[in-house]
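Step one of this worksheet: look at the structure below.
Read-outs: derived from the displayed coordinates by stated rules, not from any lab. Note that the structure is a prediction, hence the values are computed from the model and not measured. Methodologically, a virtual Cβ is constructed for each residue, glycine included, from the backbone with ideal geometry; neighbour enumeration extends over all protein chains shown.
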Amino acid sequence: MVYAAAGIPEYIAYSTATSPEGPWIYKGNIMERAPHLAFTNHAGIIDFKGNSYIFYHDQDLSKGQGFKRSVSVEQFSYNADGSIPLLIPTKEGVKQSVSSLNPFKKVEAETIAWSEGLKTASDGKTGVFVTKIDNGDYIKVRSVDFGKGAKKFEASVASESTGGQIEIRLDSIDGELLGVCEVKNTGGLQNWAVQSCRVKKTMGVHDLCFVFKGGDGQLFNFDWWQFK
């Protein structure tokens, strides 16, 4: 059991038991208190494709406002006796992706390695989508495999304003510009339409950034994207 421990600001500790009802044995801390950990911190551990990962909260994006938490992840290995070592938080997180992302199938817009500014929401019809998109916000997706090349970009979007633009960039928010998808008014923030643009032919594996541009206020909602 991984949990926030010892008051506020909290460190992350863990205990073990042979049953969910205990008795639980305290095993020590996983992450020590530090300025970058959030004011209140909850964590979880998963094993995925032969690797172990811990997810936790930090306050780096909010510049020290601890209740405005953002999610971070670190990869780690258990000790030989099964115990968890003391883990050091990093800004980089997981340095190498477990596998590449296929951009030629529909990718949910909430597939995010890093983002700033925007939020996610959901409803019974659409499911989860990205919302609260303002000028300058962005999404970064890791390890996208373009294979032998992509020529067209499609996005499912909804807007009740003049819309905006999705700049499609390689590797970073100011990286090579592949194309710009114009998002036009669809008649409402739940009136979804597929809008598209041509993109510069790109091959191989790259990180991908969607940089959102437009006027004041919320620009549009974003449900999924796909290359052709």
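Counted by neighbouring Cβ atoms within 10 Å, the residues Glu176, Glu21, Glu154 run from fewest to most as Glu21, Glu176, Glu154.
Hey, fewest Cβ within 10 Å first, where do Ser52, Ser156 land in order?
Exposure proxy ranking, most exposed first: Ser52, Ser156.
For Lys95, a cut-off of 22 angstrom between C-alpha atoms picks up these lysines, skipping any fewer than 8 places away in its own chain: Lys49, Lys140. For the chain, averaging the sequence separation of C-alpha pairs within contact (under 8 Å, six or more residues apart) and dividing by the residue count gives a relative contact order of 17 percent.
Answer rounded, prolate or oblate for the range 2-76, using the Cα gyration tensor with square roots of eigenvalues a ≥ b ≥ c: rounded when a/c is under 1.5, else prolate when a/b is larger than b/c, else oblate. Here the range 2-76 falls in the oblate category.
Fully extending the segment from Val73 to Glu32, taken as 0.36 nm per residue of separation minus the present Cα-Cα distance, adds 13.2 nm. Each Lys and Arg adds +1 at its Cβ and each Asp and Glu adds -1 at its Cβ; summed about the Cα centre, the chain shows a dipole of about 720 debye. Residue ranges 109-121, 214-226 sort as 214-226, 109-121 when ordered by packing (mean number of other C-beta atoms within 10 Å per residue, highest first).
Shape verdict for the chain, please, from the Cα gyration tensor: rounded (a/c under 1.5), prolate (a/b greater than b/c) or oblate.
It is prolate, given that a/c is not under 1.5 and a/b is the larger ratio.
Below 18 Å, Cα to Cα, which aspartates and glutamates can Lys200 reach? Residues fewer than 8 away in the same chain don't count. Result set, ordered by chain and number: Asp145, Glu154, Glu167, Asp171, Asp174, Glu176, Glu182. With neighbour counts taken as other beta-carbon atoms within 10 Å, the residues Met31, Met203 rank, fewest first, as Met203, Met31. By the Cβ rule of 4.7 Å, the chain holds the following cysteines without a possible disulfide partner: Cys209. The value of relative contact order for the range 139-225, using C-alpha pairs under 8 Å at least six residues apart, is 46 percent.
What pairs in Lys68/Lys201; Lys105/Lys213; Lys68/Lys148 have C-alpha atoms more than 32 Å from each other?
Result: Lys68/Lys201; Lys68/Lys148 exceed 32 Å.
When we measure straight from the Cα of Lys132, which aspartates and glutamates land under 12 angstrom away, once same-chain ones fewer than 8 places off are left out? Those aspartates and glutamates meeting the cut-off are Glu116, Asp216.
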